[in-house]
Amino acid sequence: MASYDDNNIFAKILRGEIPCNKCDEDDFTLSFHDIAPQAPVHVLVIPKGRYVDYADFAANASAEEIVGFTAAIKRVAEKTGISESGYRIISNIGDDGHQEVPHLHMHVVGGAPTGRMLTKRS
Ligand code: AMP
């Protein structure tokens, strides 16, 4: 796994160097609207700690951070009004996962039917 890059864009958002459209925040997490939404609701939930991806987080985060991250996802769904209608959570990891930003983030997408999970390979 690559080591954490402090210059990634989400690290800059956490340091307040670039703005975000905040949805939710607590001691462990920051959640903000995706700059290029792929659904009517598309929010990114990130831990405040320096974790490259979900595998790094699962291996190295504290129990408090893991509980906080899990709770933040549910809270974001409630705040954005999609918890009743349903939604999808996605975390891309590494090259095959098509991860673009190397700071763990969970996509919370909903507000309309999201379709099949993956496009069928031909
Ligand atoms: P991933 O491919 O899982 O790494 O997704 C990265 C996501 O970050 C994409 O959906 C981008 O649209 C989103 N993104 C990139 N820069 C920003 C930003 N400055 N503010 C909000 N979302 C961003």
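The values are calculated or read from the model by the stated rules, or taken from the named source; none is laboratory data. Just so we're clear, the structure is a prediction, and the values are computed from it rather than from any experiment. Neighbour counts run over all protein chains shown; Cβ positions are idealised from the backbone, glycine included. What goes into the accessible areas is simple: the full protein's heavy atoms, side chains included, and nothing from ligands, DNA or RNA. Shrake-Rupley method; radii C 1.70, N 1.55, O 1.52, S 1.80 Å.
Any residue that is open to solvent by 20 Å² or more (accessible area, probe 1.4 Å), under 30 Å from P113 (Cα atoms), in contact (Cβ under 8 Å) with a residue 40 or more places away in the chain and of a type in the set (F, W, Y) - is there at least one of those in region 40-57?
Within region 40-57, one or more residues are open to solvent by 20 Å² or more (accessible area, probe 1.4 Å), under 30 Å from P113 (Cα atoms), in contact (Cβ under 8 Å) with a residue 40 or more places away in the chain and of a type in the set (F, W, Y).
Hey, among the residues in region 19-39 that are in a loop (DSSP other than H, G, I, E, B) and touching a Phe, Trp or Tyr at 6+ places or on another chain (Cβ under 8 Å), which one's most open to solvent (accessible area, probe 1.4 Å)?
Step one: list which residues in region 19-39 are in a loop (DSSP other than H, G, I, E, B), which gives 19-21, 26-28, 34-39.
Filter once more, keeping what is touching a Phe, Trp or Tyr at 6+ places or on another chain (Cβ under 8 Å): 20-21, 28.
On the way: C20: 52, N21: 96, F28: 64 Å².
The extreme case among them is N21.
For the condition within 13 Å of the ligand (Cβ to nearest atom) and closer than 17 Å to A11 by Cα, what is the one hit in Q99, Q38? I'd like the intermediate steps shown before the answer.
On the way: Q38 fails: closer than 17 Å to A11 by Cα.
Result: Q99 is the single residue among Q99, Q38 that is within 13 Å of the ligand (Cβ to nearest atom) and closer than 17 Å to A11 by Cα.
Do any residues in region 94-106 that are on the phi > 0 side of the Ramachandran plot have Cβ atoms under 7 Å from those of residues that are more than 8 Å from the ligand (Cβ to nearest atom) and open to solvent by less than 40 Å² (accessible area, probe 1.4 Å), where the two are at least six apart or on different chains, and which pairs are they?
Going by the 7 Å Cβ cut-off, the qualifying pairs are G94/D53.
Being open to solvent by less than 40 Å² (accessible area, probe 1.4 Å) and aromatic (F, W, Y), is that true of even one residue in region 85-106?
Looking for residues that are open to solvent by less than 40 Å² (accessible area, probe 1.4 Å) and aromatic (F, W, Y), one finds none in region 85-106, hence no.
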